[in-house]
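**Q** First the structure, which I've put down as structure tokens, then a few questions once you've had a look.
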Amino acid sequence: MKLATEVPWQDRRFTIPLERIRRCERFGFDAVFTAEGVGNDGLTPLGYLAAVTERLVLGTHIATVTARPPTVLAQALGTIDAMAGGGRVIAGVGGGFPSSCEGWHGRPWGRPVRRMRDYVDVLRQVFRTAGSYAADGEAIETTELFAEPTRARLGDTVHCQSTEISIPYAGEGALGVRPWVSALERGPEPPVVLAAVGPQMIALTAEIADGWFPWGFAPGMMPTFEPLLAAGFERAPGKRREDFDIWALVDLVVSDDVRSGLDRFRPYVVEWAEQMRLQTEALGFAGLCDRLIELTGAGRYDEALAAVPDEFVDQVFLVGSHTRIAQRLTAWFESGATGLIFRYGPQVQVGRHADLVEDLDVWETIARAARRM
């Protein structure tokens, strides 16, 4: 079981929990991830973490595909990996939501599954062709925009033409420039891990990616996802299930008063009810999301909070004393996930939980439960 933590993205005053990250590295954690929404971006903090960590793998969870072209993301991750010493980057990407795509990035929602397939293809092209500049062999001019055109072997250029991605751009008004190659020499090719929610995207993830960030994963849910993953593996002959990572999020809070701790996570369930249908149904709480949406739509928010069952919150989130958390981690270790990304506190509404102070000792508790110490 791999262990990771994550830098929060929802804080209005962005900070990096450096003391937590240093403890996690000392306690044998494997990785640290950054996220992005409409607050901080996910790449800038990784550059900082490359300078203040020595061993932790640095990953994006996630970089949104409509926020930047795949060539630019590959370029950024390659730069960060070079700063970190090489072989320390995970390319975590996701499609985001229509609201972020059209409302923030100014891009059409289009065909997200098709776009993801092409995006990953271009990422891998850049990762594999980086440092391929050569002085000999058959060569082409990559672009006439250089004062002295660089030369590269045929086949080393990056190319994708589809309904979602055009590299080099070939649409209306295109100048007809030649493809580019990356000049940056790289270490090992970074693994590509995708965030996927819908059946088509989950199957695509199993087919083309090295790992998966499931949405709303909890112990007991793997049987629901296995057929979707199997469908993707069938389209990728030779791919081994044991080489595929599943990084599950675990939101936790330390509280001697379990009920009080559970209450902190009820707003998350209410506010993300529309996206939690698969999770609630898989765990035996069918109809819960419809009820929560009905109550909030009628302006009965407090009733919606009260309608969230304790049992559901306790199964999805990690709440309690250090002893209780260590005990309940067993189910997560046996859940079918290969990695756990721990976040402290509820990930909703800035300011609502201003009284919450992170318990820094819990990271040692997690490490000991995972037998890292």
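**Q** With respect to the numbered conditions (1) surrounded by fewer than 19 Cβ atoms within 10 Å (Cβ to Cβ); (2) assigned to a strand (DSSP E or B), which one is the sole condition not fulfilled by F213?
**A** (1)
**Q** Would you tally the residues in the stretch 245-274 being within 19 Å of E358 (Cα to Cα) and of a type in the set (G, A, S)?
**A** Final tally of qualifying residues: 3.
**Q** So, one more: Is it true that some residue in the stretch 188-208 is touching a His at 6+ places or on another chain (Cβ under 6 Å) and not in a strand (DSSP E or B)?
**A** No - not one qualifying residue is present in the stretch 188-208.
**Q** Here are some conditions: (1) within 13 Å of the chain's Cα centre (by Cα); (2) at pLDDT 95 or above. G37 meets all but one. Which one does it not meet?
**A** (2)
**Q** Hey, can you tell me all the residues within the stretch 88-103 that are in a loop (DSSP other than H, G, I, E, B) and in contact with a strand residue (DSSP E or B) (Cβ under 8 Å, 6 or more places away or on another chain)?
**A** Result: R88, G95, G96.
**Q** Just for helices (runs of 4 or more DSSP H) wholly inside the stretch 257-319: which have at least 2 residues that are at pLDDT 95 or above, touching a helix residue (DSSP H, G or I) at 6+ places or on another chain (Cβ under 8 Å) and not hydroxyl-bearing (S, T, Y)?
**A** In the stretch 257-319, 258-271, 288-297, 301-306, 310-316 are the helices (runs of 4 or more DSSP H) which contain 2 or more residues that are at pLDDT 95 or above, touching a helix residue (DSSP H, G or I) at 6+ places or on another chain (Cβ under 8 Å) and not hydroxyl-bearing (S, T, Y).
**Q** Residue by residue through the stretch 330-354, note down the ones that are at pLDDT 95 or above, part of a loop (DSSP other than H, G, I, E, B) and among the aliphatic types (A, V, I, L, M).
**A** Across the stretch 330-354, the qualifying residue is only A337.
**Q** Using the structure shown, decide if L360 is under 24 Å from G37 (Cα atoms), over 23 Å from the mean Cα position of the chain (by Cα) and not in a helix (DSSP H, G or I).
**A** Against the criterion (under 24 Å from G37 (Cα atoms), over 23 Å from the mean Cα position of the chain (by Cα) and not in a helix (DSSP H, G or I)), L360 does not qualify.
**Q** Out of all the residues in the stretch 253-292, which are surrounded by 17 or more Cβ atoms within 10 Å (Cβ to Cβ) and hydroxyl-bearing (S, T, Y)?
**A** Selection gives S255, Y268, T280.
**Q** Checking I165 against (1) in contact (Cβ under 8 Å) with a residue 60 or more places away in the chain; (2) in the same structural domain as E334 (by TED's automatic domain parsing); (3) surrounded by fewer than 22 Cβ atoms within 10 Å (Cβ to Cβ), which test does it fail?
**A** I165 satisfies every listed condition except (2).
**Q** Something else now. Answer yes or no: is there a residue in the stretch 96-114 that is surrounded by 15 or more Cβ atoms within 10 Å (Cβ to Cβ), modelled with pLDDT under 90 and farther than 28 Å from I341 by Cβ.
**A** no
**Q** While we're here: Taking the conditions exactly as written (surrounded by 16 or more Cβ atoms within 10 Å (Cβ to Cβ) and outside any helix (DSSP H, G or I)), does A236 satisfy them or not?
**A** no
**Q** Further question on the same structure: For the stretch 65-72, does any single residue satisfy the condition of being buried (at least 18 other Cβ atoms within 10 Å of the Cβ), at pLDDT 95 or above and touching a Phe, Trp or Tyr at 6+ places or on another chain (Cβ under 7 Å)?
**A** Yes; the residues of the stretch 65-72 include at least one that is buried (at least 18 other Cβ atoms within 10 Å of the Cβ), at pLDDT 95 or above and touching a Phe, Trp or Tyr at 6+ places or on another chain (Cβ under 7 Å).
**Q** Hey, could you check the stretch 188-205 for residues that are farther than 23 Å from A282 by Cα and at pLDDT 95 or above and say which is farthest from the chain's Cα centre (by Cα)?
**A** P190
**Q** Still on this structure, I have one more. So is W247 touching a Pro at 6+ places or on another chain (Cβ under 9 Å) and under 29 Å from T330 (Cβ atoms) or not?
**A** Yes, satisfied.
**Q** Moving to a separate point now. Identify the residue in the stretch 319-337 that is over 15 Å from D257 (Cβ atoms), touching a residue at least 60 places away in the same chain (Cβ under 8 Å) and not polar (S, T, N, Q) and, among all such residues, is surrounded by the fewest Cβ atoms within 10 Å (Cβ to Cβ).
**A** So, considering only residues that are over 15 Å from D257 (Cβ atoms), touching a residue at least 60 places away in the same chain (Cβ under 8 Å) and not polar (S, T, N, Q), the one surrounded by the fewest Cβ atoms within 10 Å (Cβ to Cβ) is E334.
The values are calculated or read from the model by the stated rules, or taken from the named source; none is laboratory data. Here the structure is a predicted model, which is why all the values come from computation and not from measurement. Don't worry about glycine lacking a Cβ; one is built from the backbone with ideal geometry, like all the others, and counts go over all protein chains shown.
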